[in-house]
Amino acid sequence: MESKTILNLSNLVTNDFAESVKLIFNSKGRVIITGIGKSAIIASKIVATLNSTGTPSVFMHAADAIHGDLGLILEDDVVICISKSGNTPEIKVLVPLIKSAKNSMIAITGNTESFLGKNADFVLNAFVEKEACPNNLAPTTSTTAQLVIGDALAVCLLNLRGFSSKDFAKYHPGGALGKKLYLRVQDMSSANEKPSVHPTASIKDVIVEISKKMLGVTAVVDNDQIVGIITDGDLRRMLSSVDDFSKLTAKDIMGKNPHCIHADAMAVDALETMENNDISQLLVEDNGKYTGVVHLHHLIKEGIL
């Protein structure tokens with residue numbers, strides 16, 4: 001029932017939607033979103049979405065608004081009122097106060113003929129035939145419709161502002177979403193050990209280096225250039241195939257042409273390379289010089305995976 005209602009919303013879109021987007025986009029103020037009951041919870045979510053995509057917004061509970069919180073609304077702010085019926089007592093008190101302050105008002109309501117619908121500057125029709133609740137009482141379908149309209153507004157504004165992935169990362173620096181957009185390989189590899197051995201190193205030296213640096217791998221390096229890689233898996237395979245390794249050196253067991261990644265590459269690119277090649281480590285280089293290792297565990301720890 002809810003999915004059918006969402007599909008039907010596109011049939012309810014009028015020019016008021018476009019004008020609402022233009023109004024918010026051209027406003028010098030913020031967006032104040034208000035509602036009562038479940039609509040207030042939806043209003044809070046829409047505020048969060050708008051803030052995270054470049055449109056400054058503030059939530060104002062309709063009941064609190066008529067008891068002092070109207071001071072939140074500044075001269076250039078645009079107000080969005082959300083109400084299924086559009087006729088709740090709080091809305092009937094609040095709407096005239098907003099109108100008297102001459103703030104532009106957008107209604108998201110399921111009843112365009114309601115008090116709210118008739119008094120708003122623009123009306124976004126969130127009509128639902130019936131709630132998903134079997135008693136047609138609990139706000140289910142109606143709040144879903146309100147939420148979808150809020151998302152549609154946010155995405156339109158995002159496109160108009162040319163809001164990029166870099167902008168998104170700026171507003172989400174502490175979360176996993178932001179890290180996927182700004183975290184680079186060098187941010188992790190620079191904090192790790194830098195295991196390396198010379199091509200002529202003995203197998204004992206290789207084992208000691210891998211064990212000491214605890215990354216399960218070592219680069220084989222000559223004059224700061226990566227010439228190979230040895231993993232703990234390479235060591236196990238060697239031990240199962242030869243009885244005497246006393247005369248073997250790193251270059252005898254190393255893997256040539258190892259998978260490498262530039263220090264300035266994005267962490268998500270490192271993850272993609274690991275997944276595509278079924279490996280758990282990448283050697284990191286910068287301007288052709290070996291700079292360290294990035295491990296799958298580091299990506300998991302940072303929330304990239």
Item to complete: Quick one: count up the residues across the stretch 106-128 that are under 20 Å from Ala154 (Cα atoms), part of a loop (DSSP other than H, G, I, E, B) and aliphatic (A, V, I, L, M).
Response: 2
Item to complete: Assess whether Ser165 counts as being open to solvent by 50 Å² or more (accessible area, probe 1.4 Å) and not aromatic (Phe, Trp, Tyr).
Response: yes
Worksheet, complete the sentence: Exactly one of Ser52, Ser57, Ser114 is at pLDDT 95 or above, over 17 Å from Asp16 (Cβ atoms) and of a type in the set (Gly, Ala, Ser), and that residue is Ser57
Discussion item. Just to verify a result, which residue in the stretch 250-267, among those that are hydrophobic (A, V, I, L, M, F, W, C) and out of contact with any Leu (no Cβ under 8 Å at 6 or more places or on another chain), is surrounded by the fewest Cβ atoms within 10 Å (Cβ to Cβ)?
Written reply: Ala265
Worksheet item: When residues of the stretch 191-211 are filtered for being touching a Ser or Thr at 6+ places or on another chain (Cβ under 8 Å) and part of a helix (DSSP H, G or I), how many remain?
Response: 4
Discussion item. Quick check on Asn223: is it polar (S, T, N, Q), at pLDDT 90 or above and on the phi < 0 side of the Ramachandran plot?
Written reply: no
Worksheet item: Is there a residue being open to solvent by 70 Å² or more (accessible area, probe 1.4 Å) and more than 22 Å from Tyr290 (Cα to Cα) anywhere in the stretch 227-236?
Response: yes
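So that you can scan it fast, the table gives a plain yes or no per residue for (1) surrounded by 15 or more Cβ atoms within 10 Å (Cβ to Cβ); (2) on the phi > 0 side of the Ramachandran plot; (3) in contact with a helix residue (DSSP H, G or I) (Cβ under 8 Å, 6 or more places away or on another chain); (4) of a type outside the set (Val, Ile, Thr):
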{"site": "Ser3", "(1), (2), (3), (4)": "no, no, no, yes"}
{"site": "Val13", "(1), (2), (3), (4)": "no, no, no, no"}
{"site": "Leu23", "(1), (2), (3), (4)": "yes, no, no, yes"}
{"site": "Thr49", "(1), (2), (3), (4)": "yes, no, yes, no"}
{"site": "Thr53", "(1), (2), (3), (4)": "yes, no, yes, no"}
{"site": "His61", "(1), (2), (3), (4)": "yes, no, yes, yes"}
{"site": "Gly68", "(1), (2), (3), (4)": "no, yes, no, yes"}
{"site": "Lys99", "(1), (2), (3), (4)": "yes, no, yes, yes"}
Worksheet item: List, please: which pairs have Cβ atoms under 8 Å, are six or more places apart or on different chains, and start with a residue in the stretch 132-161 that is surrounded by fewer than 16 Cβ atoms within 10 Å (Cβ to Cβ) and in a helix (DSSP H, G or I) and end with one that is among the aromatic types (Phe, Trp, Tyr) and modelled with pLDDT of 95 or more?
Response: Leu160/Phe25; Arg161/Phe25
Fill in: Residue list for the stretch 281-305, restricted to those being of a type in the set (S, T, N, Q), more than 17 Å from Val197 (Cα to Cα) and either open to solvent by less than 40 Å² (accessible area, probe 1.4 Å) or touching a Pro at 6+ places or on another chain (Cβ under 7 Å) (or both)
none
Practice prompt. Need at least 3 residues that are within 17 Å of Phe122 (Cβ to Cβ) per element, so show me which helices (runs of 4 or more DSSP H) inside the stretch 15-77 make the cut, counting only ones lying wholly within it.
Written response: 15-26, 38-52
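The values are calculated or read from the model by the stated rules, or taken from the named source; none is laboratory data. None of the values given here were measured: they were computed from a predicted structure. Glycine gets a Cβ as well: all are built from the backbone with ideal geometry, and neighbour counts include every protein chain shown. Note: areas computed on protein heavy atoms with side chains; ligands, DNA, RNA excluded. Shrake-Rupley method; radii C 1.70, N 1.55, O 1.52, S 1.80 Å.
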